[in-house]
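Working notes, beginning with the structure itself.
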Amino acid sequence: FNTVQSGILLVREDNARIVETNPAALRLVDAPTADVIGRRVDDFLLPAGDPDATRFPVATESEARLRDRAGNLRTVLAITDRLEFGGTRYRLCSFV
């Protein structure tokens, strides 16, 4: 998890809040852990094809826009997988 070069965000499915991240994601969004954990995933990842979209898509694989702390946008490939731990559903979002 910590050595993967792709950015990874673990997101609660019920509220879209980020509960875990890896160093690559922190580098890509240029923010410390404290500024990422607890935030909504769509504060950082947005659909690529719709400039007015405000919600991150739940598609398995899609282009997305990654927004860093300064508000700069770049296009990434985002892959999401659904996970469940202890009855709580999550989305594992990885992006390159």
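The values are calculated or read from the model by the stated rules, or taken from the named source; none is laboratory data. Everything numeric in this text was worked out from a predicted model, so none of it was measured. Cβ placement follows ideal geometry from the backbone for every residue including glycine, while neighbour counts extend to all protein chains displayed. Only protein heavy atoms, including side chains, enter the accessible area calculation; ligands, DNA and RNA are left aside. Shrake-Rupley method; radii C 1.70, N 1.55, O 1.52, S 1.80 Å.
Here are the numbers for this structure:
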item	result
Proximal charge balance of residue 88 [Cβ under 10 Å; K/R count +1, D/E count -1]	-1
FRET efficiency, 1/(1 + (r/R0)^6) with R0 22 Å, evaluated for residue 83 and residue 3 via beta carbons	0.65
Protein accessible area in the chain, 1.4 Å probe - carbon and sulfur %	49
MRE, 222 nm, helices only [DSSP H, n ≥ 4, -39500 (n - 2.57), over the chain, to nearest 500]	-2000 deg cm²/dmol
Solvent-accessible area per residue, Å², over the chain with all protein chains present [probe radius 1.4 Å]	56
